[in-house]
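What follows draws every value from the coordinates through simple rules; no lab data is involved. Bear in mind that the values here come from a model prediction, so they are computed numbers and not experimental data. Note that we place each Cβ from the backbone using ideal geometry, even for glycine, and neighbour counts take in every protein chain shown.
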Amino acid sequence: MNAMNILIIGAGGFIGSHLSEQILKNHQQWKIFAIDIASDKIKHLLADDNFNFFNINILTSMPLVEEILAKSDVVLPLAAIANPSVYVKNPLAVFELDFEANLAIVKLVAKYQKRLIFPSTSEVYGLCSDEKFEEETSYCVTGPVCKQRWIYSASKQLLDRVIYAHGVRDSLSYTLFRPFNFIGSRLDDIFNASYGSSRVITQFLSNIYHGNDINLVDGGGQMRCFIDIDDAVEAILRIIENENGCAEQQIFNIGNPGNLWTIRELAHIMVDMAKKYDKLADSANKITVRNVNSREYYGDSYQDVSRRVPAIKRAQELLQWTPKISLEESLKKIMDFYFS
Ligand code: NAD
């Protein structure tokens, strides 16, 4: 594999930290330029000669981003707000970071003719009723404007369309990947997680740890496919490697259709597993799993997606990739990380 400079913006986040770790472990000929405003999750990587960390806020310092981007071969802009409670509480912050700042980066990538690997999201399919969401044929369906949670989906969808259009008009080299509920260690800080502010796995884990009841929004009948971060990172690495151009101008769902569970089942599995950990057993035995109304939990501008399953045939065929890790295995890895 050729030497490459890989710019990861948001490298200090959940996906960025795991991706950086795997690149440093398996691709010594690749250098990472890592941009973030946080470095807690990548402390263990900072001393590596192939890892160059820049503490840059992309909302205020785009000229610095441009300097680094100009020296890179591949750009992964991972900095975004990806947390449903923020979509409804502060939708304009989502728009400014997820759309405006990322649009500026996409334009720079086009200007310097670099290769772009962009995180779209399973949320772009929104309320689509297909049994499995297909990259090329499924509709992207969002709710009314008053349901502000769709600002994240709409921001990502419009960027997908801008990137696609640059591909058609300027032959931009790009790959879009759509994560379907990546889970793993370092997802969120569960020890300081404020109430209602995390993604589902870490929210539940935080509740169990702090001895708070678990709230199932509207009964927890929503179905999601969870994919272990190690499986997901393997797919992103195949995209970066881009063997024989297999990922060129492609869109890939990255998810595990074999790990389809309701949120209610997830909560009960997690509480049962937690009873086996010394640090969690007391609180896991004490808390209850209860139903809450979405209006009470998220406010009026929330709207949920009842079922979300990826079709992954494209990733299987083109990237020669298939996810392997079950939900239970993945949860064990996460609980071991935080509580062993
Ligand atoms: P994350 O929140 O863990 O990481 C984002 C990183 O961006 C953080 O380290 C944060 O400090 C950094 N950041 C935020 N604002 C910044 C700024 N102004 N300047 C510089 N850095 C800034 O998110 P993640 O889970 O790693 O997700 C990465 C990407 O993948 C996002 O675009 C997200 O929308 C997308 N995505 C993730 C999932 C998932 O399951 N995790 C699902 C769908 C889409």
> Can you give me the Cα centroid spacing of the stretch 292-314 and the stretch 14-92 in angstrom?
Replying inline: 28 Å
> Say we join alpha carbon atoms closer than 10 Å with springs in a Gaussian network model of the chain; which of G255, G12, G221 then has the biggest fluctuation?
Replying inline: G221
>> To check my understanding: the extent here is largest minus smallest coordinate of the Cα atoms along each principal axis. What are those three numbers for the stretch 220-310, in Å, largest first?
In response: 55, 39, 20
>> Quick check: from the Cα gyration tensor, does the stretch 62-123 come out rounded (a/c under 1.5), prolate or oblate?
In response: prolate
>> Quick check on the stretch 185-340: what are the equivalent-ellipsoid semi-axes from the Cα gyration tensor, as sqrt(5λ), descending, whole Å?
In response: 31, 19, 13
> Once both axes come from the Cα atoms, what is the angle between helix 229-241 and the longest principal axis of the chain, in degrees from 0 to 90, rounded to 10?
Replying inline: 10 degrees
>> On the principal axes of its Cα set, how long, how wide and how thick is the stretch 138-213? Give whole Å, largest value first.
In response: 54, 31, 21
> Given the rule -39500 (n - 2.57) for each run of at least 4 DSSP H residues, summed and divided by the residues of the chain, what is its mean residue ellipticity at 222 nm, to the nearest 500 deg cm²/dmol?
Replying inline: -11500 deg cm²/dmol
> Hey, if you drop one equal point scatterer on each alpha-carbon of the stretch 1-146 and run the Debye formula without solvent, what base-10 log of I(q)/I(0) do you get at q = 0.08, 0.10, 0.20, 0.21 Å⁻¹?
Replying inline: -0.25, -0.39, -1.23, -1.30
>> From the phi angles alone, apply the Karplus equation (6.51, -1.76, 1.60; θ = phi - 60°) to the stretch 316-330 and give each ³J(HN,Hα) in whole Hz, x where the residue is Gly or Pro.
In response: 5, 6, 7, 9, 6, 10, 9, x, 10, 8, 6, 4, 4, 4, 5
>> For a quick size check, give me the Cα extents of the chain along its three principal axes, largest first, whole Å.
In response: 56, 46, 40
> For V145, V74, what ranking results if the residue with the fewest other Cβ atoms within 10 Å of its Cβ goes first?
Replying inline: V145, V74
> What shape does the stretch 1-83 have by the C-alpha gyration tensor, where a ≥ b ≥ c are the square roots of the eigenvalues, rounded means a/c under 1.5, and otherwise prolate means a/b greater than b/c and oblate the rest?
Replying inline: oblate
> Amide H neighbours of V292 under 5 Å, counting only residues 5+ apart in sequence or on other chains, H built in-plane at 1.01 Å?
Replying inline: L216, V217, D218, G219
> Which percent of Cα pairs goes in each bin when the distances of the stretch 262-304 are cut into 10 angstrom slices starting at zero?
Replying inline: 25, 38, 27, 10
> Which ³J(HN,Hα) values, rounded to whole Hz and listed in residue order, are derived for the stretch 171-179 from phi using the Karplus coefficients 6.51, -1.76 and 1.60 in 6.51 cos²θ - 1.76 cosθ + 1.60 with θ = phi - 60°, glycine and proline given as x?
Replying inline: 6, 4, 7, 8, 9, 9, 10, 10, x
> In degrees between 0 and 90, to the nearest 10, how far off the longest principal axis of the chain does helix 263-274 point, with axes built from Cα atoms?
Replying inline: 80 degrees
> Using only Cα atoms, what Kirkwood radius does the stretch 112-252 have, in angstroms?
Replying inline: 17.3 Å
>> Out of the trypsin sites (Lys or Arg not before Pro) in the stretch 74-165, which ones are loop residues according to DSSP with at most 10 other C-beta atoms within 10 Å?
In response: none
> Farthest toward the dipole's positive end in the stretch 227-340, which of G299, G258, A232, given Cβ charges of +1 (Lys, Arg) and -1 (Asp, Glu) about the Cα centre?
Replying inline: G299
> Hey, fewest Cβ within 10 Å first, where do L78, L46, L237 land in order?
Replying inline: L46, L237, L78
>> Taking the Cα centre as origin and putting +1 on Lys and Arg beta-carbons and -1 on Asp and Glu beta-carbons, what dipole magnitude results for the chain, to the nearest 20 debye?
In response: 280 debye
> How would you rank R186, R199, going from fewest to most other Cβ atoms within 10 Å of each one's own Cβ?
Replying inline: R199, R186
>> Going by amide H atoms built from the backbone, whose H comes under 5 Å of the H on L116, apart from near neighbours?
In response: V75, S173, Y174, T175
>> When a/c reaches 1.5 or more, the comparison of a/b and b/c decides; with that in mind, is the stretch 74-165 rounded, prolate or oblate per its Cα gyration tensor?
In response: oblate
> Which ³J(HN,Hα) values, rounded to whole Hz and listed in residue order, are derived for the stretch 86-96 from phi using the Karplus coefficients 6.51, -1.76 and 1.60 in 6.51 cos²θ - 1.76 cosθ + 1.60 with θ = phi - 60°, glycine and proline given as x?
Replying inline: 6, 4, 8, 7, 9, x, 6, 5, 5, 4, 5
